[in-house]
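Chemist: Could you have a look at this structure, given as structure tokens, before my questions?
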Amino acid sequence: MNDNTPNSYWASNLLTILLRIMSRKFTTINLNHLNEPVEWKSDDEIGDVVTAFNEMLTRLDESKAELAQNEKRSAWREMAKQVAHDIKNPLTPMKLTIQQLQRTILRDLPYDLPQSDRIRQTFDSLIEQIDNLSDISTSFASFANMPLPKEELFEIVSVLKKAADLYADDPKVIVNRDFEVKKVNILGDRKLI
């Protein structure tokens, strides 16, 4: 037996221990729960392997979170499409029926009848409400077709100031601006904000 035998034995033993630990960790990796990193305190090749493994777990958890967000957005989009369809589908026949009824009744209605203005206003109101529902439905459909939000770093205070400027000349809207800081960077989609 030479002098290197104990060192070789310990090195192979250490490597075997790490391989067992890593093998157990690999079999327990799961997409449904948070994966625990491997604890290893060394600055050698084994530590590099453990560090790479732990970084992979971090990226995996980030990907899971992003996938979950995308699935939620997709579900909301599908729901918005369905709501838009369910609202819009009966509106056109309703509007056509009311317009037909309006033409028929108003054609035969004498103008000097005291209720004629009220009947006209009722028809106009019904048609206007149908148009409003149609607009709401279109908005839902637009939401369903919106692109996925981007994650970018951008400065929000200027965006808020521009939004407030839109209402600066409207006497019905009072906007109080109280920005203590000049710039604040956030992560999000500038266009959708």
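Chemist: Given the options Q82, Q121, Q102, Q129, name the one that is in contact with a Phe, Trp or Tyr (Cβ under 8 Å, 6 or more places away or on another chain), of a type outside the set (A, V, I, L, M, F, W, C), in a helix (DSSP H, G or I) and farther than 23 Å from K191 by Cβ. Outline the logic, then answer.
Modeler: Values: Q82 fails: in contact with a Phe, Trp or Tyr (Cβ under 8 Å, 6 or more places away or on another chain); Q121 fails: in contact with a Phe, Trp or Tyr (Cβ under 8 Å, 6 or more places away or on another chain); Q129 fails: in contact with a Phe, Trp or Tyr (Cβ under 8 Å, 6 or more places away or on another chain).
Exactly one of Q82, Q121, Q102, Q129 is in contact with a Phe, Trp or Tyr (Cβ under 8 Å, 6 or more places away or on another chain), of a type outside the set (A, V, I, L, M, F, W, C), in a helix (DSSP H, G or I) and farther than 23 Å from K191 by Cβ, namely Q102.
Chemist: On to the next question. When you scan the range 94-103, do you find a residue that is surrounded by 14 or more Cβ atoms within 10 Å (Cβ to Cβ), polar (S, T, N, Q) and either out of contact with any helix residue (DSSP H, G or I) (no Cβ under 6 Å at 6 or more places or on another chain) or farther than 30 Å from F143 by Cβ (or both), even just one?
Modeler: Among the residues of the range 94-103, at least one is surrounded by 14 or more Cβ atoms within 10 Å (Cβ to Cβ), polar (S, T, N, Q) and either out of contact with any helix residue (DSSP H, G or I) (no Cβ under 6 Å at 6 or more places or on another chain) or farther than 30 Å from F143 by Cβ (or both), which makes the answer yes.
Chemist: Go through (1) closer than 30 Å to A141 by Cβ; (2) out of contact with any Asp or Glu (no Cβ under 9 Å at 6 or more places or on another chain) for L91 and report which single condition fails.
Modeler: (2)
Chemist: If you don't mind, there's one more thing I want to ask. Restricting attention to the range 165-187, and to residues there that are over 24 Å from the mean Cα position of the chain (by Cα) and among the hydrophobic types (A, V, I, L, M, F, W, C), which single residue is nearest to R77 (Cα to Cα)? Can you show your working first?
Modeler: Here is the first cut: in the range 165-187, the residues over 24 Å from the mean Cα position of the chain (by Cα) are 165-183.
Now restrict to residues that are among the hydrophobic types (A, V, I, L, M, F, W, C): 166, 168, 173-175, 179, 181.
Values: L166: 29, A168: 33, V173: 32, I174: 33, V175: 32, F179: 34, V181: 36 Å.
Filtering the range 165-187 for residues that are over 24 Å from the mean Cα position of the chain (by Cα) and among the hydrophobic types (A, V, I, L, M, F, W, C), the one nearest to R77 (Cα to Cα) comes out as L166.
Chemist: Next up: Identify, please: which residue in the range 160-169 is modelled with pLDDT under 80 and among the charged types (D, E, K, R) and is, among those, surrounded by the most Cβ atoms within 10 Å (Cβ to Cβ)?
Modeler: D165
Chemist: Now, a different point. Failed condition for R107, given (1) assigned to a helix (DSSP H, G or I); (2) under 36 Å from the mean Cα position of the chain (by Cα), with all others met?
Modeler: R107 satisfies every listed condition except (2).
Chemist: For D61, are the conditions met, namely being part of a helix (DSSP H, G or I), closer than 30 Å to L192 by Cβ and among the acidic types (D, E)?
Modeler: So D61 fits the description; yes.
Chemist: Moving on to the next point. Answer yes if at least one residue in the range 36-54 is without any contact (Cβ under 8 Å) to a residue 60 or more places away in the chain, closer than 30 Å to K150 by Cα, of a type outside the set (A, V, I, L, M) and touching a helix residue (DSSP H, G or I) at 6+ places or on another chain (Cβ under 6 Å), and no otherwise.
Modeler: Checked the range 36-54: at least one residue is without any contact (Cβ under 8 Å) to a residue 60 or more places away in the chain, closer than 30 Å to K150 by Cα, of a type outside the set (A, V, I, L, M) and touching a helix residue (DSSP H, G or I) at 6+ places or on another chain (Cβ under 6 Å).
Chemist: Separate question: So, in the range 69-92, exactly how many residues are among the β-branched types (V, I, T) and surrounded by 13 or more Cβ atoms within 10 Å (Cβ to Cβ)?
Modeler: 2
Chemist: Considering each of L67, L14 in turn, give the residue that is hydrophobic (A, V, I, L, M, F, W, C) and over 30 Å from P149 (Cα atoms).
Modeler: The match here is L14.
Chemist: Given the criteria modelled with pLDDT of 80 or more and among the polar types (S, T, N, Q), does S116 qualify?
Modeler: Taking the combined requirement at face value, the residue does not satisfy it.
The values are calculated or read from the model by the stated rules, or taken from the named source; none is laboratory data. Worth saying up front: this structure is predicted, and the values here are computed from it rather than measured. Cβ coordinates were reconstructed from backbone atoms using ideal geometry, including for glycine residues, and neighbour counts include every protein chain displayed.
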